[in-house]
Amino acid sequence: MNEINIDYLFFLLEKNMPAPEEYKRHFSIISEIYVSLTLNTLEQQKIANFFIQLDNLISLQSKKVQKLKDIKNGCLNKMFV
């Protein structure tokens with residue numbers, strides 16, 4: 001049996017996670033999900049690494065946007081003091 005890369009599986013499940021339906025348990029929701037996955041562990045690793053890098057890039061850009069908003073607010077406060 002081939003191993004499944006845990007990061008690959010995480011991103012696969014995260015992408016396909018449906019919205020919760022009232023009191024329906026998570027297992028019953030997840031058990032209804034059908035996904036196509038590759039059993040090639042090298043390909044899984046490459047896909048997982050891509051999404052990890054993408055998440056890191058999104059996080060860095062979000063921090064950059066927040067810093068720019070802080071600078072903007074600081075400039076506006078100085079203008080109206």
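The values are calculated or read from the model by the stated rules, or taken from the named source; none is laboratory data. Because the structure is a prediction, the values reported are computed rather than measured. Ideal geometry is used to build each Cβ from the backbone, glycine not excepted, and the neighbour counts take in all protein chains shown.
Within the range 33-54, if we keep just the residues that are touching a helix residue (DSSP H, G or I) at 6+ places or on another chain (Cβ under 8 Å) and hydrophobic (A, V, I, L, M, F, W, C), the residue that is farthest from ASN5 (Cα to Cα) turns out to be ILE33.
In this structure, SER59 does satisfy being at pLDDT 95 or above, out of contact with any Phe, Trp or Tyr (no Cβ under 6 Å at 6 or more places or on another chain) and assigned to a helix (DSSP H, G or I).
The test for being surrounded by fewer than 10 Cβ atoms within 10 Å (Cβ to Cβ) and at pLDDT 80 or above holds for LYS78.
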